[in-house]
Amino acid sequence: MLPSLLSVVAATALVSSSVVSAAPQGFRHARSADGSGGYGQACTLETIKTRVDFNSMAPADRKAYTDAIKCLMGKPSQLDSTQYPAAINRYMDYAVIHVNRTQYVHLDAFFLTWHRYFLWLYETDLQQSCGYTGAFPYWDFAATAADPHAFPIFDGSDYSMSGDGLYNNSGPIQLGASLTIPHGTGGGCVTTGPFANLIAPIKFIDAAQLATGTLPADAFAYNEICLQRDLNAYVSQTYTNQAQLTAAAHADNATHLEFLLNGVIGSSSLGIHSGAHFSVGGQMNSIHVSAQDPVWYPLHTMIDKVYTSWQANYPERASQLDGSTGTALNTPPSDVVTLDTIEPDWGYFQLSPIQVRELISTTAGPFCYQYDNVIS
Ligand SMILES: [Cu+2]
């Protein structure tokens, strides 16, 4: 049997067990019905959107962005509340979908393209459901690596993404048999800025769960847990500095890029992506439940900027995949992913199957965006 056919079968199985629920309301991102199989209007200089650094935005523009996120938090969930009690609003629907797909979209060949489309769905939802017209920001975590507190994004003001958690020193953080990091400057609940006292209802899920290929039975239960952070300059200085980002933007091939981003799980090689997560702490330390923290989106948009920069620096490598399969650490075993493989779904936000190749370019397929600069 052809690999692509197997992939379709596997993807169909995924869809049937997915978070598909009620029809989306007022959300348009489907392919155009013009019969071309395309996504409608061509991406032109007039229509392209430019993503910018959160820290470079004017205060009022930063607030417009967080206001739109809070608007999404005020919209009803479209998921079945019996099956997903933690999906208390439309913002949380994204976090639930991310948890549900964690096993299929991390530490495998779907990682970069699946997250690229997930970010774009969220961006489009902010625009269509909440009238957001500003730029979709990234967080340049290399620029803030020396001291994340010293920048607007984490200063805790009304124009930030909220600040650090309350100080609660629970000692060094063990990230694996061979890696312990010092505690940061927070550790408790986030009590400042737009997301002060936010409830993050999906409980922490241990990354070791990835080795089992399953989720805890109560993964989507509602828990009254506050959003927590533990900003950690040691981690950002060590794992997300400019030299590391530049190296990633010049990776020899997709396998090397994946290694520089994700390291080797369980080893002392953390990688830029995990490093950025651990530099925020709290829920962001979890590969499963981190999307409950609104700063997840600017962080992952920065990962997409690194990917986009690598593609721009080496056009001949732009559509390379890393040769891995479609499951985290190949658990459960799955086929090697190709450009023809159907992506794992995005729950009710996705209306028709999407191949990996459709998500390779930021100016084709569903996308029409660029970054304000390329990491060269
Ligand atoms: Cu993820």
Inset, instruction - Report yes if residue 303 is under 13 Å from the mean Cα position of the chain (by Cα), open to solvent by 10 Å² or more (accessible area, probe 1.4 Å) and within 16 Å of the ligand (Cβ to nearest atom), otherwise no. - result: no
Legend entry - Number of the exception - residue 124 against (1) in a helix (DSSP H, G or I); (2) within 16 Å of the ligand (Cβ to nearest atom): (2)
Inset, instruction - Would you mind stating whether residue 292 is buried (at least 17 other Cβ atoms within 10 Å of the Cβ) and either within 16 Å of the ligand (Cβ to nearest atom) or farther than 27 Å from residue 375 by Cβ (or both)? - result: yes
Inset, instruction - Being open to solvent by 30 Å² or more (accessible area, probe 1.4 Å), in contact (Cβ under 8 Å) with a residue 12 or more places away in the chain and under 21 Å from the mean Cα position of the chain (by Cα) narrows it down to one of 241, 253, so name that one. - result: 241
Inset, instruction - Return the residue satisfying two criteria in turn: it lies in the stretch 273-289 and is within 14 Å of the ligand (Cβ to nearest atom) and in contact with a Ser or Thr (Cβ under 8 Å, 6 or more places away or on another chain), and of such residues it is nearest to residue 139 (Cα to Cα). - result: 276
Inset, instruction - Six or more apart or on different chains, Cβ under 7 Å: which pairs go from a residue in the stretch 183-199 that's under 18 Å from residue 64 (Cα atoms) to one that's among the charged types (D, E, K, R) and at pLDDT 95 or above? Could you list them? - result: 193/158; 194/70; 194/158
Inset, instruction - Looking only at the stretch 101-118, decide whether some residue is open to solvent by 30 Å² or more (accessible area, probe 1.4 Å), more than 16 Å from the ligand (Cβ to nearest atom) and among the hydrophobic types (A, V, I, L, M, F, W, C). - result: no
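The values are calculated or read from the model by the stated rules, or taken from the named source; none is laboratory data. None of the values given here were measured: they were computed from a predicted structure. So basically every Cβ, Gly included, is an ideal-geometry build from the backbone, and we count neighbours across all protein chains shown. Just the protein is used for accessible areas: all its heavy atoms, side chains included, with ligands, DNA and RNA removed. Shrake-Rupley method; radii C 1.70, N 1.55, O 1.52, S 1.80 Å.
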